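Colleague: After the structure tokens below, expect a handful of questions from me.
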Amino acid sequence: EAVGGEAGVSRIETLIEELCPEGVPFVEISRLFEMRNGYTPSRSDESLWADGTIPWFRMEDLRANGGVLDESQQHIPVSAVKGGRLFSANSILIATSATIGEHALITVPHLSNQRFTSLAVVPEYSKRLNMKFAYYYAFILDEWCRNNTTTSSFASVDMAGFRRFRFPVPPLEVQQEIVRILDTFTELEAELEAELEAR
């Protein structure tokens, strides 16, 4: 069986023709996700950093460990959580200020610093959106973010436009096939990099 390439693309085209002959719907971020901003507990209050159990993500985590993460380098205690609410497991963190154009899929309940915006799928779409598919499509959102910044003391994304950015929501079977192909390419790329390093 072909792992990707033309065979995979033609299978996706066939699935789209069969399952959504009217075309793939696109949904604005503001309707598809709950958006929340990260924050940094006060560094001057040592109790907000002692005995932490909750993963707290920064850009350094993505740089060190990649784009699908279940652990962070720093943790905060429950006492440092505003309103007792964490970002949901299986949500996307996307950098919307400072270093723009990076994202990760976080598979555990977590928080992050203020450079990130959290995108957690809303209940209405939770059975209709594969978050690994959303993770792959977020590379296109990264590029949009890099091209749509406001100029102030430091770069930040045009959040009004960000809320209007649209994600495709094809049938789940289509999303799963796209994820399968891209996962395969990602694995092959990692193997190739390891091979090149070894040489």
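Colleague: Order 103-116, 47-60 from most to least packed using the mean count of other Cβ atoms within 10 Å.
Modeller: Values: 103-116: 21.4, 47-60: 15.9.
Ranked from most to least packed, the peptides come out as 103-116, 47-60.
Colleague: Of Leu62, Leu172, which has the most accessible area and how do the rest follow, probe 1.4 Å? Could you put the intermediate results ahead of the total?
Modeller: Numbers: Leu62 15, Leu172 65 Å².
Sorted descending by solvent-accessible area, the residues read Leu172, Leu62.
Colleague: On C-alpha positions alone, give me the angle between the axis of helix 5-19 and the longest principal axis of the chain, in degrees, nearest 10.
Modeller: It is inclined by approximately 90 degrees.
Colleague: With a 1.4 Å probe and every protein chain kept in, tell me what percent of the accessible surface of segment 91-199 is carbon plus sulfur. Numbers along the way, then the final one.
Modeller: Working: 2870 of 5520 Å².
Heavy-atom surface of segment 91-199 belonging to carbon and sulfur, 1.4 Å probe: 52 percent.
Colleague: Through the Karplus equation 6.51 cos²θ - 1.76 cosθ + 1.60, θ set to phi - 60°, convert the phi angles of segment 158-166 into ³J(HN,Hα) values in whole Hz; use x for Gly and Pro.
Modeller: 5, 6, 5, x, 4, 4, 8, 4, 10
Colleague: Order 175-187, 63-75 from most to least packed using the mean count of other Cβ atoms within 10 Å.
Modeller: 175-187, 63-75
Colleague: OK, next. With every protein chain in place, what's the accessible area of Ser88 (1.4 Å probe, Å², nearest 10)?
Modeller: 60 Å²
Colleague: Here's another thing I want to ask about it. Ignoring everything but the protein chains, give the 1.4 Å probe accessible area of Tyr136 in square angstrom, nearest 10.
Modeller: My reading of the accessible area for Tyr136 is about 30 Å².
Colleague: Measuring from the lowest to the highest alpha carbon on each principal axis, how far does the chain reach, largest first, in angstroms?
Modeller: 58, 47, 33
Colleague: Give the relative contact order (percent, whole number) for segment 19-162; include only Cα pairs under 8 Å separated by 6+ residues.
Modeller: That works out to 26 percent.
Colleague: Also: Over all directions, the average projected area of the alpha-carbon convex hull for segment 113-195 comes to how many nm²?
Modeller: If I average the Cα hull's projected area over directions, I get 7.6 nm².
Colleague: Okay, helix-only estimate at 222 nm for the chain: each DSSP H run of n ≥ 4 adds -39500 (n - 2.57), divide by all residues, round to 500 deg cm²/dmol; what do you get?
Modeller: -12000 deg cm²/dmol
Colleague: How long are the three semi-axes of the equivalent ellipsoid for segment 44-117, computed from the Cα gyration tensor as the root of 5 times each eigenvalue, in whole Å, largest first?
Modeller: In descending order, the three semi-axes are 20, 13, 12 Å.
The values are calculated or read from the model by the stated rules, or taken from the named source; none is laboratory data. All values derive from a computational prediction rather than experimental measurement. No Cβ is skipped: glycine too gets one built from the backbone with ideal geometry, and neighbour counts run over all protein chains shown. Heads up: the accessible areas ignore ligands, DNA and RNA and are worked out on the full protein's heavy atoms, side chains in. Shrake-Rupley method; radii C 1.70, N 1.55, O 1.52, S 1.80 Å.
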